[in-house]
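I have placed the structure first, in the form of structure tokens, so that the comments after it can refer back to it.
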Amino acid sequence: MKLIDTHCHLTFDDLKDDIDGVVARSIEAGVCSWVTIGTEPGELEGVVALTERFDNMYAGLGYHPHDAKSVTDDDLRNLRKLCAHEKAVAVGETGLDFFYDQSPRQIQKDIFRAHLKIAEELKLPVIIHTRNAFEETMEILDEYKGRLKDVVIHCFSGTEEQTRFVLDKGYHVSFTGIVTFKKADETRQAAKMVPLDSLMVETDCPFISPEPVRNQRPCEPALMVHTAKKIAEVKGMSLEDFAEKVTETSKKFYGLA
Ligand SMILES: [Zn+2]
């Protein structure tokens with residue numbers, strides 16, 4: 001079994017200090033490739049440098065909507081430059097977060113659009129973070145209709161209607177450990193609905209450890225097996241079959257060898 005953790009933050013403090021251990025435990029568990037995500041100005045160089053150390057590690061680069069207010073034009077130029085690196089496989093995470101509202105909404109929208117422009121120019125897929133801003137996020141994506149290589153809604157926990165909506169748009173959906181939580185029936189229902197050629201799995205570590213290890217801190221890529229197991233179960237498949245399909249989808253989406 002060879003799974004890909006399509007969204008993790010391996011340069012965050014909790015993980016980077018033990019990165020060799022994190023990677024070794026991940027491979028041992030069957031999670032053999034990673035897309036590690038940079039989210040802040042000043043952090044992206046470190047993310048790219050880390051991906052240069054490990055064969056099957058790739059980078060998603062962007063500025064999180066939380067940090068939108070501090071992003072300068074220079075930061076955007078730097079983002080564009082780093083996204084051209086051979087290990088950079090996606091732009092993001094980017095999007096809108098109207099739950100925490102850590103940056104003014106208009107600035108979040110402007111910075112989100114700037115990311116989409118870079119993705120269009122470099123023909124890279126986009127990783128979307130959206131919280132309490134589903135409609136506004138979809139409206140902005142619509143402005144770029146037909147111009148983006150591919151789109152994934154990361155850490156998805158949408159309603160049935162939202163799931164149908166994103167699938168109709170041709171977007172991909174990525175599930176975290178939330179799908180394993182006892183109260184997450186709606187997210188499991190979404191996982192059931194999403195066809196395997198549109199579905200990916202991620203940890204979003206160091207956050208969101210899945211059941212039955214929900215209290216483990218930090219979360220790390222090795223734990224993604226629990227999430228994959230749960231979705232395979234929901235879909236009535238063996239873990240091996242599910243892993244094969246979801247890995248194929250992830251490789252295709254991110255253009256991995
Ligand atoms: Zn993330």
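The values are calculated or read from the model by the stated rules, or taken from the named source; none is laboratory data. Since we're looking at a predicted model, the values are computed, not measured. In this analysis, Cβ positions are derived from the backbone assuming ideal geometry, glycine residues included, and neighbour counts consider all displayed protein chains. Accessible surface areas use protein heavy atoms only, side chains included; no ligands, DNA or RNA. Shrake-Rupley method; radii C 1.70, N 1.55, O 1.52, S 1.80 Å.
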What stretch of the chain, leaving out the sites themselves, is the longest with no trypsin sites (Lys or Arg not before Pro) in a DSSP loop having at most 10 other Cβ atoms within 10 Å?
1-144
Positive-pole candidate from 50, 209, 21, dipole of the chain, charges at beta carbon:
209
How many percent of the accessible area of region 1-131 is carbon or sulfur, using a 1.4 Å probe?
47
For the pair residue 70 and residue 145, what calculated FRET efficiency results from E = 1/(1 + (r/R0)^6), where r is the Cβ-Cβ distance and R0 = 30 Å, to the nearest 0.05?
0.50
From the Cα gyration tensor of region 146-191, with a ≥ b ≥ c the square roots of its eigenvalues, which class applies: rounded if a/c is under 1.5, or else prolate if a/b is larger than b/c, or else oblate?
oblate
Pick out, in residue order, every one of the chymotrypsin sites (Phe, Trp or Tyr not before Pro) in region 70-171 that is DSSP loop and has at most 14 other C-beta atoms within 10 Å; say none if there are none.
99, 100
Amide H partners (placed H, <5 Å) of residue 58, local residues excluded:
34, 35, 36
In deg cm²/dmol and to the nearest 500, what is the mean residue ellipticity at 222 nm of the chain if only DSSP H runs of at least 4 residues count, each as -39500 (n - 2.57), divided by the residue total?
-13000 deg cm²/dmol
